[in-house]
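The values are calculated or read from the model by the stated rules, or taken from the named source; none is laboratory data. All figures in this text were calculated on a predicted structure; none of them were measured in a lab. Virtual Cβ from ideal backbone geometry, glycine too; neighbours counted across all protein chains shown. Remember, those area values only see protein heavy atoms, side chains included, never the ligands or the DNA or RNA. Shrake-Rupley method; radii C 1.70, N 1.55, O 1.52, S 1.80 Å.
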Amino acid sequence: MNVTKDIRYIGVNDHEIDLFEGMYIVPEGMAYNSYVILDEKVAVMDTADRHFVQEWMGNLDAALEGRKPDYLIVQHMEPDHSSGIAAFMDAYPEAKVVATAKAFTMMKNFTGTDYSARGIVAKEGDRLELGSHVLTFVTAPMVHWPEVMFTYDSTDKVLFSADAFGKFGALDAEDEEGWACEARRYYFGIVGKYGAQVQAVLKKAAALDIQIICPLHGPVITEDLPYYFDLYDTWSAYRAETKGVVIAYTSVYGNTKKAVEILADKLRAKGCDVVEVTDLARDDIAEAVEDAFRHDRLVLATTTYNNDMFPFMNHFIDDLVERGFKNRTVGLIENGSWAPAAAKRMKAKMEGLKDITWLDTTVTIVSSLTEENIAQLDQMADELMK
Ligand code: FEO
């Protein structure tokens, strides 16, 4: 695949993977992208996951058409992109590796080899001339690791964006839901904690004339770039993207679930177009996290368990707190058969979060729903619709 006249795609698709980064389900697989820039000098952008090094080397060899690469540019040292470094450096002993100083340290730690003698340390704003293509390095610490850099090709106006603007899913998989769905789950799962750092690099990117984005996962982006930049700005600024209510719950015997269903029905009846209900024990928690950040209101409903909340709710709130959840309206529903404590525990767990508006109404169910509970759910729905 040609990205431009001189830039070739040499990445691979992974349909064998069960959990990306050991955690995220990827029913449509995953792509590990890599590119070659063919100019007077030849530069290779990143490598691939360890299971695909041979395939990637084959793709590289085919793209080179008998030429030898001069540079391997390592933008990110996470092993889904860096596992081919040793094979590359062995196969092309004349090539130099270009990376940040932090990346060279990680390279030694991962491979056991110090490549700095064959390396060029890239710093913010450094340029690398390949002939007609001039590359400029843009450091992007914590998007998603500290050593990350982007690379801007001012000739073809291409931004090589490392993990940013990536998504789950192999490139040969169906993508009926559109880019944003799996890109959002990927963003909030993997980079969500680092909104400030994403904002910083977006500011740097705004000064560049970018017509193509080449990320390390997901498709090459060639059209409507403001749409993608706007979404990244919204996500990294922790602004809600959509007006909607997410109700995330756990339920052991169905009584808390019943309360959630009644609340969802009341919200819809009162005109709320977007009500997302998620069972944290059975649904994908990464999807629930994505939904919580996507919409502007959240209701947490759970059983009291060991004088705390049910474990899946604990996990979910941990995910929100770790990612700096803020700037949202939150309501609580608890259940407890002898000493309801979940609402207090949930609120305590979230107390350090910024700009959270708590609903006045908290619903406490003691085993099963009462008429009073149903009236409280109505009141909660009214508050959520204000
Ligand atoms: Fe795709 Fe942070 O590695």
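Structure above, values below:
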read-out: Solvent exposure ordering (accessible area, 1.4 Å, most first) of HIS315, HIS51, HIS295; value: HIS51, HIS315, HIS295
read-out: Accessible-area order (highest first, 1.4 angstrom probe) of the listed residues LYS5, LYS258; value: LYS5, LYS258
read-out: Per-residue ³J(HN,Hα) for the stretch 82-96, Karplus 6.51 cos²θ - 1.76 cosθ + 1.60, θ = phi - 60°, Hz, x for Gly and Pro; value: 10, 6, x, 4, 4, 4, 5, 5, 6, 6, 10, x, 8, 6, 10
read-out: Phi to ³J(HN,Hα) by Karplus 6.51 cos²θ - 1.76 cosθ + 1.60 over the stretch 286-303, Hz, x for Gly, Pro; value: 4, 5, 5, 4, 4, 5, 4, 6, 6, 9, 9, 10, 9, 10, 10, 10, 7, 7
read-out: Inter-probe distance in nm under a simple model that places probes 7 Å from Cα toward Cβ, at THR234 and ALA269; value: 3.1 nm
read-out: The stretch 245-386: relative contact order as a whole-number percent, Cα under 8 Å and 6+ apart; value: 27 percent
read-out: Candidate residues GLU124, GLU383, GLU371, GLU290: accessible-area rank, largest first, probe 1.4 Å; value: GLU371, GLU124, GLU383, GLU290
read-out: Over the stretch 318-386: Rg over Rh, Cα atoms, Kirkwood Rh; value: 1.01
read-out: Selected from THR303, GLY254, LEU225, residue furthest toward positive end of dipole (the stretch 181-304; charges at beta carbon); value: THR303
read-out: R0 of 22 Å, Cβ-Cβ distance ALA62-GLU16: FRET efficiency to nearest 0.05; value: 0.50
read-out: Total lysine pairs under 20 Å (Cα atoms) in the stretch 1-119, excluding pairs fewer than 8 apart on one chain; value: 6
read-out: Approximate shape of the chain as ellipsoid semi-axes (Cα gyration tensor, √5λ), whole Å, largest first; value: 47, 20, 18
read-out: Hits among aspartates and glutamates - C-alpha to C-alpha of LYS123 under 13 Å, sequence gap 8 or more where chains match; value: GLU147
read-out: Relative contact order (%) - the stretch 16-164, alpha-carbon pairs under 8 angstrom, separation at least six; value: 17 percent
read-out: Inter-label distance for ASP209 and THR370, nm, one decimal - labels placed 7 Å from Cα along Cα-to-Cβ; value: 7.0 nm
read-out: Computed Kirkwood radius, in angstrom, where 1/r is averaged over Cα pairs of the stretch 3-154; value: 15.6 Å
read-out: Rel. contact order, % - alpha carbon contacts under 8 angstrom, at least six apart, the chain; value: 11 percent
read-out: D (Stokes-Einstein, µm²/s), Kirkwood Cα radius, the stretch 100-190, 1.002 mPa s at 20 °C; value: 141 µm²/s
read-out: Percent accessible area from carbon and sulfur atoms, the stretch 1-140, protein chains only, probe 1.4 Å; value: 49 percent
read-out: DSSP-defined beta bridges in the stretch 158-315 - what % are antiparallel, rounded to 5; value: 20 percent
read-out: Within the accessible area of the stretch 161-289 (1.4 Å probe), percent carbon and sulfur; value: 46 percent
read-out: Rounded accessible area per residue of the chain, 1.4 Å, Å²; value: 43 Å²
